[in-house]
1. I want to confirm something. Restricting to the stretch A:509-547 and keeping residues that are among the polar types (S, T, N, Q) and more than 14 Å from chain B (Cβ to nearest Cβ), which single residue is nearest to A:Met471 (Cα to Cα)?
2. (1) modelled with pLDDT of 50 or more; (2) within 7 Å of another protein chain (Cβ to nearest Cβ); (3) more than 38 Å from the chain's Cα centre (by Cα): which one isn't true of A:Ile578, the others all being true?
3. Being buried (at least 22 other Cβ atoms within 10 Å of the Cβ) and over 30 Å from A:Gly259 (Cβ atoms) is true for just one of A:Ile149, A:Ile109, A:Ile70. Which residue is that?
4. What number of residues in the stretch A:507-522 are within 30 Å of B:Val244 (Cα to Cα), part of a helix (DSSP H, G or I) and touching a residue at least 40 places away in the same chain (Cβ under 8 Å)?
5. Mind checking which residues of the stretch B:148-164 are of a type in the set (A, V, I, L, M, F, W, C) and more than 14 Å from every other protein chain (Cβ to nearest Cβ)?
6. Look through A:Phe805, A:Phe797 and report the one residue that is within 15 Å of A:Glu712 (Cβ to Cβ) and over 25 Å from the mean Cα position of the chain (by Cα).
7. Exactly one condition in (1) surrounded by fewer than 24 Cβ atoms within 10 Å (Cβ to Cβ); (2) among the polar types (S, T, N, Q); (3) closer than 30 Å to A:Gly832 by Cα is false for A:Gln117; which is it?
8. Inspect all residues belonging to the stretch A:760-771 and state whether any of them is in the same structural domain as A:Val845 (by TED's automatic domain parsing), surrounded by 19 or more Cβ atoms within 10 Å (Cβ to Cβ), free of Cβ contacts under 8 Å to residues at least 60 places away in the same chain and on the phi < 0 side of the Ramachandran plot.
Amino acid sequence: MTQPSAVAGGFGERGSLALYCAVGLIAGAVIALQISIMRIFAVGSWAHFGSLVVSLAMLGFGLTSAVMCISTKWFDQHWRGLSTLALMLFGPLAVASNLIAQQFPFNAIFLVSDPAQKWRLALNFVLYLTPFLAGALFLGIVFLKAQKIFNRVYFADLVGSGICGMCLLLSMYGLRPDDLMLVPLGLWVLGSVLWFVSVGSMGNIAAIGVMAVLSAAAHLMLPSLLNIPKIAISDYKGVSYARKFPDSKRVMESTSPFGYLEVYSSSYLHFAPGLSDNAGFNLPKMPKDAYLGLYSDSEGPSGIIRELPADETAYYRFLPMFYPYLIKQKPETFVVQFGGGLSTALAIAAGSSSVTVAEGDRGVLNAFRTQKVLRDFTGDILHKPGVSVIDYDGRIYLAGVRDKFDIVDLSLADSAGLSSPGGFAIIEKYAYTREAMANYMRALKPSGVLSVTLWNKEEPPKSVLKLYATMAAAARDAGGPDISKKFFVASAYLSTATVLYKRDGFTDGEIATLRKHTSAMSFDEVYSPGFKPDLSQQATILEDYRNQIFGSGQQQTGPADAPPPETAKDVADSPDIIDKPDDAPPPDAKPDVLPSTQLGRIAWQAHVTGTWADVARDYVFDTRMLTNAQPYFAAYVKVADLPLVTDRLDLLQDEWGFLLIWATLGVACVAALSLVLLPLIFGWRTIFSRYPGKGRTIIYFACLGLGYIMVEVGLIAHFILALGNATISASVLITGMLIFSGLGSFVSERALPNARAIMPVIFAIIGAILISYGFFIDHALNAIGSLSYGWRLLWCFVLIAPPAFLMGFPMPVAMTSLGRLGKEHMYLWAWGINGCFSVIGAALVPVLATSFGLHSVLAVSGCAYLLALPMFYAVLKPLEGASPAGAIA
Amino acid sequence: MMDRRNFLAGSASLLALAPALPAFAAVPKAWDRKSSPPLNNAEAFFKWAVEERGEDMKYLRMRWARYGAVVANKDVLDDRNKRAFLMAPREHFVLPKNLSRAYEHAFLDIDYGVTISGPHIVSRMTQVIDVKEGDKVLEIGTGSGYQSSYLAYLTDKVWTIEIIKPLAERTRATYDKLIGEGYTEFKNIQSKNADGYYGWEEAGPFDKIIVTCGIDHIPPPLLQQLNVGGTIIIPVGPPGAQRVLKVIKEKGPDGEIKVTRSDIYGGRIVPFVPFTKLEGDEIKGTHNK
């Protein structure tokens, strides 16, 4: 049945409980460290770079595996010393690398213009790689010595990772981001002690104790002793500005898995999102010190408005979210997202007979409900008469409720007062999708109004065009093909855009009222029933916008043209500056309507007549609508244009989040494939010459690495639909997937004797489940979303269990087979290939999701498992020269 | 934090950066507001700037090269603005570590989460508000001080407000040092540390207001302190991805005061700054090619 392993001194056929616990805890420490570093980046600088650094650092597993594969014998001989060394170093390296990296922060916004920033990024990567190398070396040695019982060790690895990941997330209730590092340290100490017990090296327990005390002390005390920060919070993070205001005061702080919340008070904080310029002359009294600044993970501020006395409420009239109240008296109002409370306060002040307000962020809701400082400041807004609170996403509530409303408001939800520097994150915005909008529209009374306000700060316009497309499509879904009488749209240049949808169409009187208000506020009318825009410039505007980004500067007309580059060079090189006659009009000359406003008008005309696809095709940016499959206000650069943007990154700084996911994929592919190739170059003709089917074996493990991580990361994004929060979704998925897969791995031992017959069935079922999940899981999650939270969590685990359990089989079955066949080089390498392709898979998910939709992620991972099916047989081939009896049945 | 920063900055300049600091000579002659450096010939400009202003050739060469780019780019259009560009000593307003990059197109870090805008955008914004001699100009967001120094070559009435206290103090010290060295035109810059949101009521109303910090709306007090017929210019968006909004306050035919928004390119769609790349002292092509 089995063939003796070439490796002497393994853990035998069973292994001890201490061994399994040690493996689980160390694997858990690695994942806890990974999440901790990402949290540190999210709070200190920019989360996307955290993902980049961490995912590359995970290549430490690939690197370790490649090296171990080439020199297996040496590692086998020195396994005791090496595993001790790896464990002794993990904690100190984690602490030291973090402290040093925080002294050399890099700043994303200078990445293109400042050459030094690239080196800082590289230094961060190298530093954070070191603890992962130690962790990978330890786990690599354990796997090397556990070839016969891989499935059990793997079970411990997965379950340990899952449980420890959950521990870390729970610890976020008590630990601030800068102290999260203590969790992986604690797991590491426990795991190390158990390891030394299991291998009988009791003498090392004292040593690891000393290392642990030193590491924890260094983390907790060195920063204050040396006066260095534990987290270098970028000067360009919103909270850094607030801290510098002379009278700024932090009035509230809370930490939870939902984020690290801070509230600051200062007379220097001013908000009035979209405020009409006419307020300056026409407002009798401008409210002073009207806002507190709310910062989540150092980003912000979102304005928290104080309760305004009656003589100051005229202020609300000058905000764009006041629009629906012009035509609705004493409405029953629904506010889709509470945020900082502005929409809610406005709804109350505008005379709503009732206000129902939803907020999916429990951290925010708890703060407003329980913190005295916020309750006093806002007049206890959430407990006012007539206000009722829904403590989960408004989007989910409206999809399931029978109540109907006069006004549904979604205004600048979850949006900070200012744009965050350094590019915008790729975040699922399910509140703005076609499906969500259609639900809002259906939740209106027959003459009800949906009012959506969005930032309109981009030139060329991007987000607002996506919003327009989404709302037009949703209106057709909710109420039939003719939408011409149902919309009124107004915007202010480089400020905000507001779209009003009325279910039964606007009356002439209402249109007159809205138009008059638009003019009185100096806003621009973009669409109203019967509005006839000037379409004669459509082709020119579209072409000019394209040239703005991709032109050579020579195609445009007008005074602000860039000269041909040769001219610029000639002039600069020449000792003489020669004035050229300027035949263009002065820069003050302007057309009656700004191009971005004109483009908005063209867009609405096209939406109403159903010709938007033609316009969108010619526009410089991708402005496809948001759907549950592609819920992103991002990815505006068309994929075909990506090669053209590399020399003009400074023009597209708000797209860096999107460009970075492509760059991460590129870097991950190059780095991972290099690591995979390393053993190939050194050993294809020597070490692996006796290995039949080695090419297909590589593909097998690549498929598993790619498929597994893509399911995990892809489902995290999907499950936000039902769970409403990215952190909770990540916790449920990480824990659920790993634990169920761990159980699968444990049970997979029984499949070993009959692997040839059982595994193909398992692969086929996994492929079928994943592909069908790709198409149907959103419907299931939408249904689950309307249940109480406990039931939602339970149903989510029920959805995760079947694929995760089965996905626990392929890796241990194949690895144990390799071990038992004596293919230890391939065994080690396979582990590395799996790790490398996990990195590629994780980087591939956002690229697929933004370009093709989230369902494609699950479909691709399903296909990866189906591709692994035929490859599996190559894994079972015995070594050349070995007796056929060595093959697994 | 502050102590550490000062300590580090101090040690760094002592240990590493001191040898790289330029030997800025004292300015020999006070500037006569009617005089101008030669605008069309490099050597003549260098000679004038060394004799009249005592400036360092290294930076004069960089300034002249960037001047060529801003002229070619039509960021500056008239002689008064050209003169302002050639006279404003940008090298005094960047951090020592960025001296070699003082005239690059890009915005540069100046600590406190603030940047000094690139030379193209500064000259473009200033050209657009068309400052006349004697105009009262208010700047919100002093930052490095470069914008106000540039304005000081266009008018003798400049007010500037900085919200970040240590930065306001640092830049005030820079002005005072430069005034002491002979840049007496900077005596016309009145500065204070305050919240620019409320403008500078005692000094108003103003003919032109330049806002150089991001905000989600135009502060109503600034619109109140702006003369009818005046212009506010305000960048919107994060550093590096900003669009520049131009706001005109004017009296309509019906006698009502109106506010009109446009952008600094007068509503045309044009490639956004920066257009030219400077590597060392030379312009190497453009970012749009």
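The values are calculated or read from the model by the stated rules, or taken from the named source; none is laboratory data. Since we're looking at a predicted model, the values are computed, not measured. So basically every Cβ, Gly included, is an ideal-geometry build from the backbone, and we count neighbours across all protein chains shown.
1. So the residue we want is A:Ser528.
2. (1)
3. It is A:Ile149.
4. Count: 3.
5. B:Leu151, B:Ala152, B:Leu154, B:Val158, B:Trp159
6. A:Phe805
7. With (1) surrounded by fewer than 24 Cβ atoms within 10 Å (Cβ to Cβ); (2) among the polar types (S, T, N, Q); (3) closer than 30 Å to A:Gly832 by Cα applied to A:Gln117, the lone miss is (3).
8. Yes: the stretch A:760-771 contains one or more residues that are in the same structural domain as A:Val845 (by TED's automatic domain parsing), surrounded by 19 or more Cβ atoms within 10 Å (Cβ to Cβ), free of Cβ contacts under 8 Å to residues at least 60 places away in the same chain and on the phi < 0 side of the Ramachandran plot.
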